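These notes are about the structure you will find just below.
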Amino acid sequence: MRSLFWFRQDLRLADNPGLSAAAAEGAVLPVYILDDENAGEQKMGAASRVWLHHALDSLNKSLDGKLVILSGRAEEILPELMAAGDIASIHWNRCYEPWRIARDSHIKTALRERGLKASSHAASLLWEPMEIAKPDGTPYKVFTPFYRRGCLAAQPPRRPLPTPQMTVANAPPGWQSGRLDKLGLLPRTGWDDPMIGHWQVGEDGAAAALEKFISKGLINYKDGRNFPGRPFVSRLSPHLHFGSLSPNQAWHAARSSSQLVNPFDDKNIDHFCSELGWREFSYHLLTHFPHLPTRPLQPRFDAFDWRDDSTALQAWTSGQTGYPIVDAGMRELYSTGYMHNRVRMIVGSFLVKNLRLHWHLGEAWFWDTLVDADLANNAASWQWIAGCGADAAPYFRIFNPVMQGQKFDPEGVYTRYWVPELAEMPQQFLFSPWEAPELVLQAAGVRLERNYPAPIVPMKASRDAALEAFAALPKAS
């Protein structure tokens, strides 16, 4: 007997429940379908497509070049492929974006009506979103009770599964395998080469990244993760999003770490696991509030007085705001497809509060430029920083980029690297070069508005304007 396994956001062989179930039934035909038509406006951005190309290439090699790589509407392709291969059983792992849920439900019903076996499995989250609820059955809207009373009180995350022993089936007659080039995921200009050079993509790369973090970063994660110039973040997010690493693998690797004295009672492990919990919370919100990517969870923000300023937006996206820590973050993003989490909060606050530009604009830019762009995480995080989502940072909490730089990049390592124009600036003026005396600027080779911009908005005035706009909103009901 042969079965079909449909790869999606689970591009790995180990700890893959759907793949293991398919392998238990006999030879497995592995398939990936790029379904931009059903995704519509939520199809992957440019950086994600680059990552996907390399992840599929790695996966295909693991499958001896037998991965059937296709594009089009999955509900049309899968029945044809199963008929061509005389396959009566299909397995996949669940995804949680609203468009995928609707499509997958339709596919499962249609295949079963034809007498075919269609099974979905849990593989991308630690807890299924519909399984975590408040005692009254309603969804959580605040992270701490969601994680502590909901997740940690539920069944603990399952142990990772081994790579299944399986026979990989050949593509049916008339169907080809390994044709990654037909997806056209890579840009023609070559901007992606330097970006992807910062990463080792694929299951082996994910395992290496996890091992490096557990051995070197986890030991000071709780405090060190806030400092972008220090090596204490995991950088696992793209691997988790595309599924070259499962959250169960990350969770149990941290919990069983031998690098720490007591891995079951350690603040760093607990904090890392709670960050995995934030990922779960984002999917919980998206499941229960599918409008999360488009509408504020607090409806009164529909009336917020957002500005329309394309010049300011361009300065923000290109890292030319005149605020060094903001510019460093935006340049890191464009160069690597990634941004340190602390800096994400700083640049997000600057966009929605100091520039008062709609969070949709930031979400869209991140969607196109992040290799870890994830619908649930992206939307939930932007609503959080904009103050309009669940468990949101209060709108009046406005990050001061000068103080944030001084506090979290105290040696200037991160900022000097990504903003080399300021490499020779003394630390006293690194995050506020406009305050430096002219002789200091000259000695550092900095000429404001020539080789580095002056601030595009004044800090205090822009903060005051944001607070006035917030005060004008209807009161929360």
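Conditions (1) at pLDDT 95 or above; (2) hydroxyl-bearing (Ser, Thr, Tyr); (3) buried (at least 18 other Cβ atoms within 10 Å of the Cβ), marked per residue:
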residue	(1), (2), (3)
Thr109	yes, yes, no
Gly115	yes, no, no
Ser120	yes, yes, yes
Glu128	yes, no, no
Tyr147	yes, yes, yes
Arg159	yes, no, no
Pro162	yes, no, no
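Taken over region 302-319, the criterion of being in a loop (DSSP other than H, G, I, E, B), surrounded by 15 or more Cβ atoms within 10 Å (Cβ to Cβ) and within 24 Å of the chain's Cα centre (by Cα) is satisfied by Gly319 alone. Being out of contact with any strand residue (DSSP E or B) (no Cβ under 8 Å at 6 or more places or on another chain), within 30 Å of Ile69 (Cβ to Cβ) and assigned to a loop (DSSP other than H, G, I, E, B) is not true of Thr138.
Of all residues being acidic (Asp, Glu) and touching a Leu at 6+ places or on another chain (Cβ under 7 Å) in region 273-328, which is nearest to Asn400 (Cα to Cα)? Just the residue, please. First the steps, then the outcome.
Filtering region 273-328 for residues acidic (Asp, Glu) gives 275, 280, 302, 305, 308-309, 327.
Now drop any that are not touching a Leu at 6+ places or on another chain (Cβ under 7 Å), which leaves 280, 309.
Working: Glu280: 29, Asp309: 21 Å.
Checked region 273-328; the qualifying residue nearest to Asn400 (Cα to Cα) is Asp309.
Looking for something small (Gly, Ala, Ser), part of a helix (DSSP H, G or I), touching a helix residue (DSSP H, G or I) at 6+ places or on another chain (Cβ under 8 Å) and at negative phi - is there at least one such residue anywhere in region 241-249? No, that holds for no residue. A single entry from Leu59, Leu52, Leu13 fulfils the requirement of being within 23 Å of the chain's Cα centre (by Cα), farther than 24 Å from His106 by Cα and part of a loop (DSSP other than H, G, I, E, B): Leu13.
Taking Asp409, is it surrounded by fewer than 19 Cβ atoms within 10 Å (Cβ to Cβ) and either closer than 19 Å to Ile346 by Cβ or touching a residue at least 40 places away in the same chain (Cβ under 8 Å) (or both)? Considered against the rule, which asks whether it is surrounded by fewer than 19 Cβ atoms within 10 Å (Cβ to Cβ) and either closer than 19 Å to Ile346 by Cβ or touching a residue at least 40 places away in the same chain (Cβ under 8 Å) (or both), Asp409 comes out as no.
All of (1) surrounded by 17 or more Cβ atoms within 10 Å (Cβ to Cβ); (2) within 24 Å of the chain's Cα centre (by Cα); (3) not basic (Lys, Arg) hold for Pro194 with one exception: (1). Val371 meets the conditions (1) of a type outside the set (S, T, N, Q); (2) within 30 Å of Met44 (Cα to Cα); (3) in contact (Cβ under 8 Å) with a residue 40 or more places away in the chain; (4) out of contact with any His (no Cβ under 9 Å at 6 or more places or on another chain) in every case but one. The failed one is (4).
Residues are listed down the side, and each one gets a yes or a no for (1) at pLDDT 95 or above; (2) assigned by TED's automatic domain parsing to the domain that holds Arg344; (3) among the polar types (S, T, N, Q):
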residue	(1), (2), (3)
Gln165	yes, no, yes
Pro173	no, no, no
Gln176	no, no, yes
Lys212	yes, no, no
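Looking across region 322-367, the residues that are part of a loop (DSSP other than H, G, I, E, B), in contact (Cβ under 8 Å) with a residue 60 or more places away in the chain and closer than 19 Å to Phe408 by Cα come down to Gly322, Tyr323, Tyr338, His340.
The values are calculated or read from the model by the stated rules, or taken from the named source; none is laboratory data. Predicted model, so just to flag it, every value in this text is computed and none were measured. In this analysis, Cβ positions are derived from the backbone assuming ideal geometry, glycine residues included, and neighbour counts consider all displayed protein chains.
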